[in-house]
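Chemist: Handing you this structure, nothing more for now.
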Protein chains: 2
Amino acid sequence: MAENITSRAEDYSKWYTDIVLNAKLADYSPVKGCMIIRPNGYAIWEKMQAALDKMFKDTGHENAYFPIMIPESFMKKEAEHVEGFSPECAIVTIGGGKELEERLYLRPTSETIIWSTYAKWIMSYRDLPILINQWANIIRWEMRTRLFLRTTEFLWQEGHTAHSNAPEAEEEVSRMLNVYAEFAEKFIALPVIKGKKTESEKFAGAIYTVCIEAMMQDRKALQSGTSHYLGQNFAKAFDVTFLNQSGERELAYATSWGVSTRLIGALIMAHSDDNGLVLPPKLATVKAVIVPIWKSDEERNIVLEYCKKIEGYLKEKDINYKLDDRDQYKPGYKFSDWEMQGIPVRIEVGPKDIQKNAVVLFRRDTMKKEFGIPLEKTGEEVLKLLDDIQNNLFNKALEFRKEFTFFVNDYEEFKKKIEDPGGFLVSHWCESPECEEKVKEETKASIRCIPFDEELRGSDGKCIVCGKPAPGRVVFAKAY
Amino acid sequence: MAENITSRAEDYSKWYTDIVLNAKLADYSPVKGCMIIRPNGYAIWEKMQAALDKMFKDTGHENAYFPIMIPESFMKKEAEHVEGFSPECAIVTIGGGKELEERLYLRPTSETIIWSTYAKWIMSYRDLPILINQWANIIRWEMRTRLFLRTTEFLWQEGHTAHSNAPEAEEEVSRMLNVYAEFAEKFIALPVIKGKKTESEKFAGAIYTVCIEAMMQDRKALQSGTSHYLGQNFAKAFDVTFLNQSGERELAYATSWGVSTRLIGALIMAHSDDNGLVLPPKLATVKAVIVPIWKSDEERNIVLEYCKKIEGYLKEKDINYKLDDRDQYKPGYKFSDWEMQGIPVRIEVGPKDIQKNAVVLFRRDTMKKEFGIPLEKTGEEVLKLLDDIQNNLFNKALEFRKEFTFFVNDYEEFKKKIEDPGGFLVSHWCESPECEEKVKEETKASIRCIPFDEELRGSDGKCIVCGKPAPGRVVFAKAY
């Protein structure tokens, strides 16, 4: 266990913060509730951005950029939207030394400013669909903040699309949810449950919201991405009409969808351990670190010479690596340092390995070493290991989720299980807001989603709270 | 000449705006002074980002992200800095429904928030250098705005580095200026003059500022990138000290450097013409567009079949292209449309070309066509053409700048030349702020830089204004 890291068993919440700070992923900022994303953390975000951006473009989307400042009057045009977001807004009242005539809200999300613009761009069905995404910073005033998970400013992407008919828009909502799920599973190695939010949990201004939910190591849920079907709500609010093929004026149909730097929090909480961060190889910029081991200056030269050969084999396979040849630190210190930072593979090499023309490979996920890897196989063995780590992290997280997913039919059992051991409780719900609220009040568990997966959803039954008929099961959990 | 575009000769300023709007690069926003960067414009920014980001990383920099909201007290810690930036700040006074205790400035630049953080991160010389860059949005309240060139919100990157000694920091200042110059010349095809700003033109809080300056087609100068040596000013303001190798406490040395979406304005104004945007191929996402020409449905099928072969040859050479097979528009309309958007190469193909097993290539920069290009050579000929266009744009801009760069020794001649034909006037200056100010008042020309180039700088002489001894020439111009 690493010195500066509180163990998960002792205090999960402190463990999380220790990892974030000690792996130099983020730091507190002088502005309450804001965070500084340090290079190690930002590098993960860049990898996430690159992968997601490609997936967005492959599904026909383009990037654009809309202003961060939104006139107060715009925010107020969609009734549910303003009610949901207004209380958490930061507001600019002074610009260029003068009190502003109209106050400007810093975007808590951009539906209003974007749909006010779409009104100018959309005339005919030929202008549709519009498939736009933006990468941006978002401000939501938060009272209780946690680095990456909930901060007053965060980074995200928000897709905003306009369509000429509802089925096409709904297809987009589902397409982007699938993109998020694929990204979470393939890149973050994070198994997710896809489903629909209840009325009380949906986006303010949406017809409905679909989401992906993941289980963290403390068995709580983390909402990891959402996709909203907005119907004609924003088109109505901003008067966005188009001439359809029959020559009639019609309101456009909208979707929006987003994921944020919160995903870095998900990554940390899903895979890391008491030794520090564990990075899924696909999101690691540095895939491997070479730590040379020597005792004398003579050995030092021999070992560093040998490292050049290792570097050659890594370059051959296009593996991004670091050579840690710092003189002022002992190997043991370097080991812990890179373990803390979550580098997937460590290549250790000392005089004995050189004698055998070999290297030692250490994998961060299991903390296990493989000895006597032939030098010339370093590149291909590291590649294999990276693949294996990526798969292992996913499978481990999936096993964990399975272990702590319970089909519960009795409310007393529910109340016990949600406390110990905790997890995803899959139970029937009658769809009444009252039963949903009662569970929340009594157990702090919320309905994470109405799952799409048929095995989870099951068939009809009796509501776990009131016993009335329920069309299927939903996923309850305590959540971040 | 395109219908919707005012000619440069008629009204250069209107021409610029027409290009921005008609090529769908940007749009006005409901918030005064802010802009919406549309997909066509953002695609250029993405290309710029990718190229610059690689150059930053190749020179050892990492990306990070610091909060957009800066406490008022931080802004006030560096006297010159606050004086320079405070009047143009937007200020948040309300957060989460409450009046804030301390007002928060939206970053007009991030020296203060970053150096307050460096105070936590820097303890010893071993923590140095810190080489951080961030991609971010910036707010500076502007009274007179122009799309891309001067807007209240814009996108940029800002490098902020900390060093243990002055020479290393100054080397960084110069290294990054060279990166900017290389980027401008290689990617934007924009020849630039490197030099130092005068005291009155330097960054608020800097010891000195160096810059790159480019000539636009109206012969005005556009400052296209700046790199600042900040000395120990910000370290002093935020108490950033480190233990040096002799075990003594010392203040750290700072640099900062940035370029912004203004570069898109530079790109437009340097190369575009009365038909629309002209994109340097290296910053074009779509390098070529295929426009099939047909009169009957039968021809349509034959031509579109032939296009598949063209597509094959383009894919072979990894050329990103678009096939414009829209039925509702005539070829002539499509030609103008793509010319407006500045796509470097157009491939035209009709039944006659197919008979000859050939294609027609059109290059956007010269608006010239080459007929009878053998089909199977399409890929390689387009590649050649792209290279040629890139070089031609640079050479044309360089020739233009040379044509309108005048070595002037007489103030009367200066006053005439700056009006007609305008351009860069290279004249001796005695280094007194009074003479600099006099020229500005009387001619609206400012000193763009004290050039590094020896041919421009020349040797000592007499100040063009007062006749007193001057150590060398400087570059005067009207500027954006």
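The values are calculated or read from the model by the stated rules, or taken from the named source; none is laboratory data. Just so we're clear, the structure is a prediction, and the values are computed from it rather than from any experiment. For neighbour counting, all protein chains shown are included, and Cβ atoms are generated from backbone atoms with ideal geometry for every residue, glycine included. When the accessible area is computed, the model is the full protein with side chains, heavy atoms only, and any ligands, DNA or RNA have been set aside. Shrake-Rupley method; radii C 1.70, N 1.55, O 1.52, S 1.80 Å.
Chemist: How many residues, within the range B:292-341, are farther than 28 Å from A:Gln245 by Cα, touching a residue at least 60 places away in the same chain (Cβ under 8 Å) and of a type in the set (A, V, I, L, M)?
Modeler: 3
Chemist: With the requirement that a residue be more than 20 Å from B:Pro191 (Cβ to Cβ) and either in contact (Cβ under 8 Å) with a residue 24 or more places away in the chain or touching a Pro at 6+ places or on another chain (Cβ under 6 Å) (or both), what does the range B:420-433 give you?
Modeler: Of everything in the range B:420-433, those that are more than 20 Å from B:Pro191 (Cβ to Cβ) and either in contact (Cβ under 8 Å) with a residue 24 or more places away in the chain or touching a Pro at 6+ places or on another chain (Cβ under 6 Å) (or both) turn out to be B:Ser427, B:His428, B:Trp429, B:Cys430, B:Glu431, B:Ser432, B:Pro433.
Chemist: Which condition number does B:Ala26 fail, the rest of (1) closer than 30 Å to B:Thr241 by Cα; (2) more than 8 Å from chain A (Cβ to nearest Cβ) being met?
Modeler: Unmet for B:Ala26, out of (1) closer than 30 Å to B:Thr241 by Cα; (2) more than 8 Å from chain A (Cβ to nearest Cβ): (1).
Chemist: Follow-up question, since we're still on this one. So which residues in the range B:81-129 are more than 7 Å from chain A (Cβ to nearest Cβ), open to solvent by 60 Å² or more (accessible area, probe 1.4 Å) and farther than 19 Å from B:Ala162 by Cβ?
Modeler: The answer is B:Glu83, B:Lys98, B:Glu99, B:Glu101, B:Glu102, B:Arg103.
Chemist: Here is a further query. Only one of A:Phe400, A:Phe414, A:Phe394 is touching a Leu at 6+ places or on another chain (Cβ under 8 Å) and open to solvent by 40 Å² or more (accessible area, probe 1.4 Å); which?
Modeler: The conditions single out A:Phe394.
Chemist: Of all residues being at pLDDT 95 or above, open to solvent by 30 Å² or more (accessible area, probe 1.4 Å) and at the interface with chain B (Cβ under 7 Å from one of its Cβ atoms) in the range A:30-67, which is farthest from the chain's Cα centre (by Cα)? Just the residue, please.
Modeler: If we take residues in the range A:30-67 being at pLDDT 95 or above, open to solvent by 30 Å² or more (accessible area, probe 1.4 Å) and at the interface with chain B (Cβ under 7 Å from one of its Cβ atoms), then A:Glu62 is farthest from the chain's Cα centre (by Cα).
Chemist: Would it be correct to say that A:Ser256 is modelled with pLDDT of 95 or more and either open to solvent by less than 40 Å² (accessible area, probe 1.4 Å) or of a type in the set (Val, Ile, Thr) (or both)?
Modeler: Here the answer is yes, as A:Ser256 does meet what is asked.
Chemist: For the range B:148-169, name all the residues that are open to solvent by 10 Å² or more (accessible area, probe 1.4 Å) and either in contact (Cβ under 8 Å) with a residue 60 or more places away in the chain or under 21 Å from A:Trp135 (Cα atoms) (or both).
Modeler: The answer is B:Leu149, B:Arg150, B:Phe154, B:Leu155, B:Trp156, B:Ser164, B:Asn165, B:Ala166, B:Glu168.
Chemist: Check whether at least one residue in the range A:152-168 is modelled with pLDDT under 95 and within 18 Å of the chain's Cα centre (by Cα), and report yes or no.
Modeler: Scanning the range A:152-168 turns up no residue that is modelled with pLDDT under 95 and within 18 Å of the chain's Cα centre (by Cα).
Chemist: Name every residue in the range B:139-158 that is assigned to a strand (DSSP E or B) and either within 10 Å of another protein chain (Cβ to nearest Cβ) or basic (Lys, Arg) (or both), in order of residue number.
Modeler: Those that are assigned to a strand (DSSP E or B) and either within 10 Å of another protein chain (Cβ to nearest Cβ) or basic (Lys, Arg) (or both): B:Ile139, B:Arg146, B:Arg150, B:Glu153, B:Phe154, B:Leu155.
Chemist: Residues B:Trp294, B:Trp257: which one is among the aromatic types (Phe, Trp, Tyr) and touching a strand residue (DSSP E or B) at 6+ places or on another chain (Cβ under 8 Å)?
Modeler: B:Trp257
Chemist: How many residues, within the range B:432-457, are surrounded by fewer than 18 Cβ atoms within 10 Å (Cβ to Cβ) and in a loop (DSSP other than H, G, I, E, B)?
Modeler: Qualifying residue count for the region: 4.
Chemist: Taking only the range B:107-130 into account, find how many residues are in a loop (DSSP other than H, G, I, E, B) and either modelled with pLDDT under 95 or not aliphatic (A, V, I, L, M) (or both).
Modeler: Looking only at that region, the number is 5.
Chemist: Can you name every residue in the range A:377-399 that is of a type in the set (Gly, Ala, Ser) and under 15 Å from A:Val192 (Cα atoms)?
Modeler: A:Ala397
Chemist: Given the structure, is B:Gly276 more than 24 Å from B:Val426 (Cα to Cα) and either surrounded by 24 or more Cβ atoms within 10 Å (Cβ to Cβ) or of a type in the set (Lys, Arg) (or both)?
Modeler: yes
Chemist: Need a quick list: strands (runs of 3 or more DSSP E) entirely within the range B:296-408 having at least 2 residues that are modelled with pLDDT of 95 or more and out of contact with any helix residue (DSSP H, G or I) (no Cβ under 7 Å at 6 or more places or on another chain).
Modeler: B:368-374, B:405-407
Chemist: Output the number of residues of the range B:76-125 satisfying the condition of being of a type in the set (Lys, Arg) and under 32 Å from the mean Cα position of the chain (by Cα).
Modeler: The total comes to 3.
Chemist: Run B:Glu78 past the list (1) surrounded by 22 or more Cβ atoms within 10 Å (Cβ to Cβ); (2) within 10 Å of chain A (Cβ to nearest Cβ); (3) in contact (Cβ under 8 Å) with a residue 60 or more places away in the chain and report the number of the one that doesn't hold.
Modeler: Failing condition for B:Glu78: (2).
Chemist: Give me the pairs, please: first residue somewhere in the range B:240-260 and assigned to a loop (DSSP other than H, G, I, E, B), second residue anywhere and open to solvent by 10 Å² or more (accessible area, probe 1.4 Å) and modelled with pLDDT under 95, beta-carbon distance under 6 Å, and either six or more positions apart or on two chains.
Modeler: none
Chemist: If only one of B:Ile268, B:Ile212, B:Ile193 is touching a Pro at 6+ places or on another chain (Cβ under 6 Å) and buried (at least 24 other Cβ atoms within 10 Å of the Cβ), which one is it?
Modeler: Result of the check over B:Ile268, B:Ile212, B:Ile193: B:Ile193.
Chemist: List the strands (runs of 3 or more DSSP E) that sit entirely inside the range B:4-106 and contain at least 2 residues that are farther than 27 Å from B:Glu185 by Cα.
Modeler: Those strands (runs of 3 or more DSSP E) span B:26-28, B:69-71, B:90-95, B:98-106.
Chemist: May I ask you to list the residues in the range B:1-29 that are among the small types (Gly, Ala, Ser), modelled with pLDDT of 95 or more and surrounded by 16 or more Cβ atoms within 10 Å (Cβ to Cβ)?
Modeler: Answer for the range B:1-29, where residues must be among the small types (Gly, Ala, Ser), modelled with pLDDT of 95 or more and surrounded by 16 or more Cβ atoms within 10 Å (Cβ to Cβ): B:Ala23, B:Ala26.
Chemist: Here's another thing I want to ask about it. Can you name every residue in the range A:279-292 that is assigned to a loop (DSSP other than H, G, I, E, B) and open to solvent by 50 Å² or more (accessible area, probe 1.4 Å)?
Modeler: Residue satisfying the conditions is A:Thr285 alone.
Chemist: With (1) surrounded by fewer than 22 Cβ atoms within 10 Å (Cβ to Cβ); (2) touching a Pro at 6+ places or on another chain (Cβ under 7 Å) as the list, and A:Ile132 as the residue in question, which single condition is left unmet?
Modeler: (1)
Chemist: Return the residues of the range B:352-383 that are open to solvent by less than 10 Å² (accessible area, probe 1.4 Å) and of a type in the set (Ser, Thr, Tyr); say none if nothing qualifies.
Modeler: B:Thr378
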